[in-house]
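K.L.:
If you scroll down you'll find the structure; I have some questions about it.
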Amino acid sequence: MPRFKPYDYDQHALVAINYLEQLQPGTFEHAVHYLIEHKLDLSMFHPSYCNDATGRCAYDPAILLKIILFAYSKGITSSREMQWCCETNILFKALSCDTVPHFTTLARFVSGHADEIEALFEQVL
C-alpha cells in the first residue's frame, strides 16, 4: 500500500507576510505604490473629508487609489471585485496594507472623484 505525507485541513498556521516585500521593484504594482507614496500630490482629496474632530476614521485616499489604479490596470472595474481582491489577492493586500474597503466605499470614491482620478491615472500610465 502506498504511503503519503499526512495532511490536516483542521490545522492552524501563522504565515508572516511583509507587504512591502510583495511589491517587487520593476513591477507595475511597485510603480503604482511608489508613485502614489512619493510623487503624486493627493491633497486635492483632503477637502472632501470632514472628520477632523469627530466621526469615523476614513480610508486614506492613497490606499483607495492604489487599489483602484491597480485594479483598472488588470481590467477590474467592479468595486465588488476590487473588494474581493483585497480579501484574497496578495498584491492587493500588499497595496492596501491588508485593509478591505467596502465596495460602496470604493464606488463612492470613484464616482465622487472621477476627474481627479482620471488625471492621476493618466500620470501613472
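The values are calculated or read from the model by the stated rules, or taken from the named source; none is laboratory data. These numbers were taken from a predicted model, which means no experiment stands behind them. Glycine also receives a Cβ, built like all others from the backbone with ideal geometry; neighbour counts cover every protein chain displayed. All accessible areas refer to the heavy atoms of the entire protein, side chains included, with ligands and DNA or RNA removed. Shrake-Rupley method; radii C 1.70, N 1.55, O 1.52, S 1.80 Å.
K.L.:
Ala62 is checked against (1) within 21 Å of Glu122 (Cα to Cα); (2) over 14 Å from the mean Cα position of the chain (by Cα); (3) among the aliphatic types (A, V, I, L, M) and fails just one. What number does that condition carry?
P.N.:
(2)
K.L.:
Turning to a different aspect of this structure: Within region 70-91, how many residues turn out to be of a type outside the set (Val, Ile, Thr) and touching a residue at least 40 places away in the same chain (Cβ under 8 Å)?
P.N.:
The qualifying residues number 4.
K.L.:
Those residues that are crowded, with 18+ Cβ neighbours inside 10 Å and of a type in the set (D, E, K, R), I need them from region 83-122; list them, please.
P.N.:
Once the filter is applied, which keeps residues that are crowded, with 18+ Cβ neighbours inside 10 Å and of a type in the set (D, E, K, R), region 83-122 yields only Lys93.
K.L.:
Modelled with pLDDT of 90 or more, within 22 Å of Glu21 (Cα to Cα), open to solvent by less than 50 Å² (accessible area, probe 1.4 Å) and in a helix (DSSP H, G or I): is that true of Phe70 in this structure?
P.N.:
Yes; evaluated as a whole, the condition is true for this residue.
K.L.:
Go through region 73-94 and give me each residue that's part of a helix (DSSP H, G or I) and hydrophobic (A, V, I, L, M, F, W, C). Step through it out loud before you land on a result.
P.N.:
Pass one, region 73-94, residues part of a helix (DSSP H, G or I): 73, 79-88, 90-94.
Hits for region 73-94 are Met82, Trp84, Cys85, Cys86, Ile90, Leu91, Phe92, Ala94.
K.L.:
Here's a follow-up. Considering only residues that are among the small types (Gly, Ala, Ser) and open to solvent by 50 Å² or more (accessible area, probe 1.4 Å), look in region 54-67 and name the one that is nearest to Phe103 (Cα to Cα). Give the derivation first.
P.N.:
As a first pass, look at region 54-67 and keep what is among the small types (Gly, Ala, Ser): 55, 58, 62.
Next, only the ones that are open to solvent by 50 Å² or more (accessible area, probe 1.4 Å) stay: 55, 58.
On the way: Gly55: 20, Ala58: 14 Å.
Among those residues, the one meeting the criterion is Ala58.
K.L.:
Taking the residues in region 10-29 that are aliphatic (A, V, I, L, M) and surrounded by fewer than 12 Cβ atoms within 10 Å (Cβ to Cβ) as candidates, determine which candidate is farthest from Gln123 (Cα to Cα).
P.N.:
Ala13
K.L.:
Separate question: Looking at region 37-53, I want the residues that are loosely packed, with under 13 Cβ neighbours inside 10 Å and have a partner that is outside any loop (DSSP other than H, G, I, E, B) with Cβ atoms under 7 Å, at least 6 apart or on another chain. Which pairs are those?
P.N.:
Pairs that qualify, where the first residue is loosely packed, with under 13 Cβ neighbours inside 10 Å and the partner is outside any loop (DSSP other than H, G, I, E, B), are Glu37/Ala62; Ser48/Gly112.
K.L.:
In addition: Quick one: in region 35-67, which of the residues that are part of a loop (DSSP other than H, G, I, E, B), of a type in the set (A, V, I, L, M) and at pLDDT 85 or above is nearest to Thr104 (Cα to Cα)? Outline the logic, then answer.
P.N.:
Applying the first criterion (part of a loop (DSSP other than H, G, I, E, B)) to region 35-67 yields 40-42, 49-60.
Right, trim to of a type in the set (A, V, I, L, M) and you get 40, 42, 53, 58.
Then drop every residue that is not at pLDDT 85 or above, which leaves 40, 42, 58.
Values: Leu40: 25, Leu42: 21, Ala58: 13 Å.
Residue satisfying both the conditions and the ranking: Ala58.
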